[in-house]
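S.K.: Supplied in structure tokens, the structure appears directly below.
Throughout, read-outs are computed from the coordinates displayed, never taken from laboratory work. Given the structure is predicted, the values throughout are model-derived calculations rather than measurements. Here the Cβ positions follow ideal geometry from the backbone for every residue, glycine too, while neighbour counts run over all protein chains shown.
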Amino acid sequence: METLRPLPRTLLRDRAYAAIRDAIVAGEIEPGAVVRDADLAERLGLSRAPVREAFARLVDEGLLESKPQSYTRVTPLVAADVRDAAAVVGAMHELVTRVAVPRLRDADLEEMRAANDRFATAVHTGDVDEALRADDELHDVLVRVSGNRAAAATVARYTPLIRRLERQRFGEGGSCRSAGLHERLIEACADGDTDGAVRITADIWRTLADLADPD
């Protein structure tokens, strides 16, 4: 999937950020690669200013590192960083699950089931992009229904650090998440079992933290 392509001149800073972030997560820009604002600006069809702003945000979020007057490069995959990110994101998902379960409607549950069906199919066929997209869609239902914007922002900030490792594991022939765990989560949500749904959510994110230490 080619993510670095010319962008419409709307919301340029945010669009540049999203395109570069997605390219890093997808491995199109590899860990350790030096990035230059002029090069990426040309590839995206932008001026250098929005790309520089995107760089600053990506440095803050841990996907880039910068040494003034020297280089800006993609950060390496560091196990401790993934564990820390998974702990934070997992805690946010537990929080939103506890709030969301009593509020879920039938339409929300159907949306989660459909996302999990797409996830299971994508894992089976080895479609990494679709698997991660479907996984996001499933969990985003709970984030959205909770209405917690602070939790949503935290999840959006730290999930890309985890996604990089998930993509690597998929590329090695592994599966980072379980459709079976998702099914249990959906069943608990449908039963109104808030505590059970929170426990399963914790299990899901614990498996992601464990990816950082597969041995």
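S.K.: Run the numbers for residue 52 and residue 117: contour at 0.36 nm per residue of separation, minus the present Cα-Cα distance, in nm.
M.R.: Contour length minus Cα-Cα distance gives 19.5 nm.
S.K.: Let me ask you something else. Neighbour counts of other C-beta atoms within 10 Å: give me 146, 178, 70 arranged from fewest to most.
M.R.: 70, 178, 146
S.K.: How would you rank 55, 119, going from fewest to most other Cβ atoms within 10 Å of each one's own Cβ?
M.R.: Listed from fewest to most nearby Cβ atoms, that is 55, 119.
S.K.: For residue 42 and residue 11, FRET efficiency with R0 = 22 Å and r from the beta-carbon atoms, rounded to 0.05?
M.R.: Working: r = 19 Å, r/R0 = 0.88.
FRET efficiency, residue 11 to residue 42: 0.70.
S.K.: Quick one: which of 135-142, 199-206 comes out on top by average Cβ neighbours within 10 Å, and what's the full order, highest first? Could the numbers behind the result be given before it?
M.R.: Values: 135-142: 21.0, 199-206: 18.2.
Ranking, from highest mean packing down: 135-142, 199-206.
S.K.: A further question follows. Mind running the shape call on segment 79-211? Use the C-alpha gyration tensor, a ≥ b ≥ c as the square roots of the eigenvalues: rounded below 1.5 for a/c, prolate if a/b tops b/c, oblate otherwise.
M.R.: oblate
S.K.: Using the Cα centre of segment 59-130 as the reference point, and only Cβ charges (+1 on K/R, -1 on D/E), how large is the resulting charge dipole? Debye, rounded to the nearest 20. Don't skip to the answer; put the middle values down first.
M.R.: Numbers: 8 positive and 14 negative charges, 46 e Å.
Once rounded to the nearest 20, the dipole reads 220 debye.
S.K.: Which Cα, out of 47, 16, 32, lies furthest along the positive dipole direction of segment 12-74 (beta carbon charges, K/R +1, D/E -1)?
M.R.: So the residue furthest toward the plus end is 47.
S.K.: Here is a further query. Once you order the gyration tensor axes a ≥ b ≥ c over the Cα atoms, which shape class does segment 44-83 get: rounded for a/c under 1.5, otherwise prolate or oblate by comparing a/b with b/c?
M.R.: prolate
S.K.: Run the quick spin-label model on residue 136 and residue 107: label points 7 Å from Cα toward the beta carbon, then report their separation in nm to one decimal.
M.R.: 2.3 nm
S.K.: Find, to one decimal place in angstroms, the Kirkwood hydrodynamic radius of segment 56-135, where the mean of 1/r is taken over every pair of different Cα atoms and then inverted.
M.R.: Value: 15.8 Å, from the Cα pair sum.
S.K.: Report, in debye and to the nearest 20, how large the dipole of segment 22-81 comes out about its Cα centre when Lys and Arg carry +1 and Asp and Glu carry -1 on their Cβ.
M.R.: With only Lys, Arg, Asp and Glu charged at Cβ, the dipole is about 240 debye.
S.K.: Another question about this same structure. Using a ≥ b ≥ c from the Cα gyration tensor of segment 12-74 (square roots of the eigenvalues), is it rounded, prolate or oblate, where a/c under 1.5 gives rounded and otherwise the larger of a/b and b/c decides, a/b for prolate?
M.R.: In terms of gyration-tensor shape, rounded.
S.K.: Nothing charged except the Cβ atoms of Lys and Arg (+1) and of Asp and Glu (-1): what's the magnitude of the dipole of the chain about its Cα centre? Round to the nearest 20 debye.
M.R.: With only Lys, Arg, Asp and Glu charged at Cβ, the dipole is about 940 debye.
S.K.: Output the relative contact order of segment 1-123, whole-number percent, from Cα pairs under 8 angstrom with separation of 6+ residues.
M.R.: It comes to 23 percent, rounded to a whole number.
S.K.: Identify, among 205, 179, 92, the residue whose Cα sits farthest towards the positive end of the charge dipole of the chain, taking +1 on the Cβ of Lys and Arg and -1 on the Cβ of Asp and Glu, with the dipole about the Cα centre.
M.R.: The one lying farthest along the dipole's positive direction is 92.
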